[in-house]
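Here is the structure we will look at, set down as structure tokens.
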Amino acid sequence: MADLLLWLYLINSILLIIHEIDSAYWKEWELFELPGEITGFLVLHFPILFFILWGLILIARHSSWGWVFSLLLCFGGLFAFSIHTWFLRKGRTEFNKPVSKIILATLLIISVIQIIVTIILMV
């Protein structure tokens, strides 16, 4: 089960990183009104990507802190899906291409599965 969590975490990490690449295409800093435009967006992503990758190391080392990072990553995936679905329903055009929607839907599915596996390992 620990190996399954490692692979789910890796897949979810890749999906979130791809989503963030897609976010740059859609100028997400404008959607969320973040200061600094692309520079602020990129600076913000250094710690985000650092913690995502640190979590992968913790999962690989079977650290109990890896479970915490796993849950945080899942909540990040659920948040990305939820907020962008909400924006789309409000009529925003960002993330409206099929590939963007596929990334978000896959994030939802993998995040839910990963939460279940993480909780099973924690118990």
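Points to keep in mind about this one:
- Residues in the range 33-50 that are within 12 Å of Ile17 (Cα to Cα) and surrounded by 15 or more Cβ atoms within 10 Å (Cβ to Cβ): His45 alone.
- Qualifying residue in the range 20-32 (condition: surrounded by 14 or more Cβ atoms within 10 Å (Cβ to Cβ), out of contact with any helix residue (DSSP H, G or I) (no Cβ under 7 Å at 6 or more places or on another chain), of a type outside the set (Lys, Arg) and more than 23 Å from Phe87 (Cβ to Cβ)): no
- Subset of the range 94-123 [over 13 Å from the mean Cα position of the chain (by Cα), of a type in the set (S, T, N, Q) and closer than 19 Å to Phe69 by Cβ]: Thr118
- Across the range 77-109, the number of residues qualifying as within 17 Å of Ile21 (Cβ to Cβ) and either in contact with an Asp or Glu (Cβ under 7 Å, 6 or more places away or on another chain) or surrounded by 16 or more Cβ atoms within 10 Å (Cβ to Cβ) (or both) comes to 11.
- Residue under evaluation Trp65, criteria (1) within 24 Å of Lys97 (Cβ to Cβ); (2) hydrophobic (A, V, I, L, M, F, W, C); (3) without any contact (Cβ under 8 Å) to a residue 12 or more places away in the chain, criterion not met: (1)
- Per-region count, the range 52-67, residues farther than 15 Å from Leu8 by Cα and surrounded by 15 or more Cβ atoms within 10 Å (Cβ to Cβ): 0
- Residues that are more than 17 Å from the chain's Cα centre (by Cα) and either within 26 Å of Met1 (Cβ to Cβ) or acidic (Asp, Glu) (or both) within the range 59-93 comprise Ala60, Arg61, His62, Ser63, Ser64, Trp65, listed in sequence order.
- Given (1) farther than 24 Å from Val99 by Cα; (2) of a type in the set (Ser, Thr, Tyr); (3) surrounded by fewer than 18 Cβ atoms within 10 Å (Cβ to Cβ), number of the condition Ser70 does not satisfy: (3)
- Taken together, Ile48, Ile59, Ile14 contain a single residue that is within 30 Å of Leu121 (Cβ to Cβ), among the β-branched types (Val, Ile, Thr), in a helix (DSSP H, G or I) and free of Cβ contacts under 8 Å to residues at least 24 places away in the same chain, which is Ile14.
- Looking across the range 79-99, just one residue is assigned to a helix (DSSP H, G or I) and among the basic types (Lys, Arg), and that is Arg89.
Since every read-out is calculated from the coordinates, none of them should be taken as a lab result. What you see is a predicted model; the values in this text were computed from it and never measured. For neighbour counting, all protein chains shown are included, and Cβ atoms are generated from backbone atoms with ideal geometry for every residue, glycine included.
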